[in-house]
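K.L.:
Below you will find the structure I want to go over with you.
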Amino acid sequence: MDQEEGLKAVDNIVTQFNTYEDFLDSQITTVDLYYLEDETLARQLVELGHRGTGERVKREDFEARKATIEIARLAERAQKKTLTSAGKDLQDNFLMALAMREEDNRNGKLSSVIFIRDRNSHGQEISGYIDYAHRLKTEDFEVYFSGKKRLLPRPKDMSFYNWDTNIAVCNSSPNYQVIADNPEGLLFKFKRDRKILNVDPKVQPGDNSTRIPVPTELYIQAVIFDHISRRKI
């Protein structure tokens, strides 16, 4: 039995039995108990590999895999709890699109860049590019998915432009490096696989990237760029 098959065998046993003692008991026959007349001794013989009707698993291996599986289960449950879009009555295409991408942006399977053009509270037209995964980590999206606030670009996002004041700001994010001095226009380099995301609507966005215009009643214009990294996290 190779290592992978061995791990699968241990995992099957770990998920089947709550405790190591339960596993040992499953290996003990009525004949063993009849002759040994001692349940503790019977367990010890099974643990040492001298008795038993099935696969031998060491106590430390059982408990280590049990702990690993439990940690993974708790992490998955915690991840589901952090989905602020869960259970929301989303009426707009833009919010639905964000909800569809929330979990994958949180766990790193997907990296989405959001372009928004609209007017701020002062009536000024603004636009910008938002690193969705980074924003999810740094603020509570409950207010956006519940409709209490609108998601708008800020001067601290990857790109921000105020069309009335001509204020333009660019900032690299934890996921993207901003390339602002490119003669062909604004580019973003995804730091994990170093692939270039081109946001020019006249050209292809780049390797493993897609550009999705989102019809919405919340904004003048909204576009989502999705990038899938080929590199393992």
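The values are calculated or read from the model by the stated rules, or taken from the named source; none is laboratory data. In this text, all values refer to a predicted model and were calculated from it rather than measured experimentally. Reconstructed Cβ throughout: ideal geometry from the backbone, glycine too, with neighbour counts over all protein chains shown. What goes into the accessible areas is simple: the full protein's heavy atoms, side chains included, and nothing from ligands, DNA or RNA. Shrake-Rupley method; radii C 1.70, N 1.55, O 1.52, S 1.80 Å.
K.L.:
I'd like to compare 193-199, 83-89: which one has the highest average count of other Cβ atoms within 10 Å, and what's the full order after that?
P.N.:
Taking the mean over residues of other Cβ atoms within 10 Å, the ranking is 193-199, 83-89.
K.L.:
Check each of the GluC sites (Glu not before Pro) in segment 123-169 and keep only those in coil by DSSP with at most 15 other C-beta atoms within 10 angstrom; list them in order.
P.N.:
Details: sites: 125, 139, 142; in loops: 139.
Those satisfying the criteria are 139.
K.L.:
Determine the distance separating the Cα centre of segment 191-211 from the Cα centre of segment 122-154; give it in Å without decimals.
P.N.:
22
K.L.:
Let me ask you something else. With labels modelled as points extended 7 Å from the Cα through the Cβ direction, what inter-label distance (nm, one decimal) is found for residue 208 paired with residue 91?
P.N.:
Distance between label points: 3.9 nm.
K.L.:
Within segment 93-127, whose backbone N sits under 16 Å from a point 7 Å along Cα→Cβ of residue 221?
P.N.:
Counting backbone N atoms under 16 Å from the label point, the list is 114-120, 125-127.
K.L.:
Another question, if that's okay. Kindly state, to the nearest 0.05, the FRET efficiency for residue 163 paired with residue 193, given R0 = 35 Å and r defined as their beta-carbon distance.
P.N.:
Using R0 = 35 Å, I get an efficiency of 0.60.
K.L.:
To continue, here is another question. Roughly how many nanometres apart are two label points built 7 Å out from the Cα toward the Cβ at residue 63 and residue 124?
P.N.:
The answer from the label model is 6.2 nm.
K.L.:
Report ³J(HN,Hα) in whole Hz for each residue of segment 175-189, in order, from the Karplus equation J = 6.51 cos²θ - 1.76 cosθ + 1.60 where θ = phi - 60°; Gly and Pro get x.
P.N.:
9, 10, 9, 7, 10, 9, 9, 6, x, 8, x, 5, 10, 10, 9
K.L.:
Stretched out fully, how many nm does the piece from residue 143 to residue 71 gain, at 0.36 nm a residue minus the Cα gap?
P.N.:
Result for the pair: 22.9 nm of gain on full extension.
K.L.:
If I ignore ligands, DNA and RNA and count only protein heavy atoms, how much of residue 191 is accessible to a 1.4 Å probe, in Å² to the nearest 10?
P.N.:
100
K.L.:
I need the fraction of alpha carbon pairs in segment 93-228 separated by more than 27 Å, rounded to a whole percent.
P.N.:
Tail of the P(r) past 27 Å holds 13 percent of the pairs.
K.L.:
How large is the accessible surface of residue 122 in square angstrom, using a 1.4 angstrom probe and rounding to the nearest 10?
P.N.:
Its heavy atoms expose roughly 150 Å² to the probe.
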